[in-house]
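What follows draws every value from the coordinates through simple rules; no lab data is involved. Bear in mind that the values here come from a model prediction, so they are computed numbers and not experimental data. In this analysis, Cβ positions are derived from the backbone assuming ideal geometry, glycine residues included, and neighbour counts consider all displayed protein chains.
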Amino acid sequence: MADEILLQNLPGPVPSGFPAASDLRKDIALLVSLLKKEQKIPSDVSISVSLVSDQSMQQLNRDFRGKDRTTDVLSFSQIEGMEFPDIEPLPLGDIVISRAQCIRQASDKGHSPEHELHILLIHGLYHLLGFDHETSEKDARQMERLEKKLLRWFLKERGR
């Protein structure tokens with residue numbers, strides 16, 4: 001078996017600076033592989049990643065978090081709070097990213113949409129494992145440290 005990655009992309013042309021679906025799928029696979037190594041996840045995993053519009057993200061954010069505005073990334077864990085169950089593939093859950101918000105944040109931060117997308121994917125992956133930056137300052141620092149470490153590993157693996 002192997003890790004299962006379901007990617008749902010917005011229809012239409014890929015925006016400038018954004019990876020094509022095939023490249024994005026490879027990036028997600030590499031991020032998942034590195035995350036599994038770092039978190040000592042022994043089994044294959046299953047994950048869904050969806051790129052959506054601001055309108056769809058706003059609706060999800062309103063329906064699931066009670067916040068009637070768009071956001072950059074939402075994660076819906078299938079295993080949060082559990083030890084890693086003995087099933088394969090392990091269903092980590094779903095990551096939803098607003099492509100437009102990702103592009104805006106990249107512009108605000110002065111880097112590429114692709115780089116911002118990687119940051120959001122990493123953030124979403126850690127949320128799937130139950131990490132939460134909103135519970136305490138200590139938890140926020142721990143999550144940020146782990147995210148930066150995974151991003152460094154990822155960029156090194158990609159030769160950047």
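Taking GluC sites (Glu not before Pro) as exposed when DSSP calls them loop (any state but H, G, I, E, B) and at most 16 other Cβ atoms lie within 10 Å, what is the longest stretch of the chain free of them, the sites themselves excluded?
Numbers: sites that count: Glu80, Glu83, Glu134.
Of all site-free stretches, the longest is 1-79.
Multiply the residue gap between Glu134 and Ile87 by 0.36 nm, knock off their C-alpha separation, and tell me the result in nm, one decimal place.
On the way: separation 47, 0.36 × 47 = 16.92 nm, distance 2.94 nm.
Extra length available between Glu134 and Ile87 comes to 14.0 nm.
If I take every Cα pair under 8 Å that is 6 or more residues apart in segment 66-160, average their sequence separation and divide by the length, what percent do I get for the relative contact order?
Values: 97 pairs, mean separation 25.7, N = 95.
Computed over segment 66-160, the figure is 27 percent.
Quick one: grab the alpha carbon gyration tensor of segment 4-157, order the square roots of its eigenvalues as a ≥ b ≥ c, and give me rounded if a/c is under 1.5, else prolate or oblate depending on whether a/b is larger than b/c.
Numbers: a/c = 1.36, a/b = 1.23, b/c = 1.10.
Rounded shape, in that the Cα axes give a/c under 1.5.
What ranking do 120-133, 98-111, 9-22 get when scored by the average of other Cβ atoms within 10 Å per residue, highest first?
Values: 120-133: 20.4, 98-111: 16.8, 9-22: 12.3.
Per-residue mean Cβ counts within 10 Å order the peptides as 120-133, 98-111, 9-22.
Using the Kyte-Doolittle scale, find the helices of the chain whose mean hydropathy is at least -1.0 and whose Cα atoms extend 18 Å or more along the helix's long axis, counting only whole DSSP H runs. Each step should come with its number before you reach the end.
Values: long enough: 21-39 (26 Å, -0.03); 113-128 (22 Å, 0.31); 137-157 (30 Å, -1.40).
What comes out of the filter, once short or polar helices are dropped, is 21-39, 113-128.
Once both labels are modelled 7 Å past Cα along the beta-carbon direction, what's the Lys109-Ser43 spacing in nm?
Those two pseudo-labels are separated by 3.2 nm.
Calculate, in nm to one decimal, what Leu30 and Arg141 gain on full extension: separation in residues at 0.36 nm each, minus their alpha carbon distance.
Numbers: separation 111, 0.36 × 111 = 39.96 nm, distance 2.40 nm.
Extra length available between Leu30 and Arg141 comes to 37.6 nm.
What ranking of Thr70, Thr135 emerges when the number of other C-beta atoms within 10 Å of each C-beta is taken as an exposure proxy, fewest first? Don't jump to the answer; show the numbers that get you there.
Values: Thr70 20, Thr135 10.
Exposure proxy ranking, most exposed first: Thr135, Thr70.
May I ask you to derive the FRET efficiency for Arg62 and Asn9 from their Cβ-Cβ distance with R0 = 25 Å, giving the value to the nearest 0.05? Don't skip to the answer; put the middle values down first.
Working: r = 23 Å, r/R0 = 0.91.
After rounding, the FRET efficiency stands at 0.65.
Using a ≥ b ≥ c from the Cα gyration tensor of segment 1-94 (square roots of the eigenvalues), is it rounded, prolate or oblate, where a/c under 1.5 gives rounded and otherwise the larger of a/b and b/c decides, a/b for prolate?
Numbers: a/c = 2.55, a/b = 1.31, b/c = 1.95.
It comes out oblate by the Cα gyration axes.
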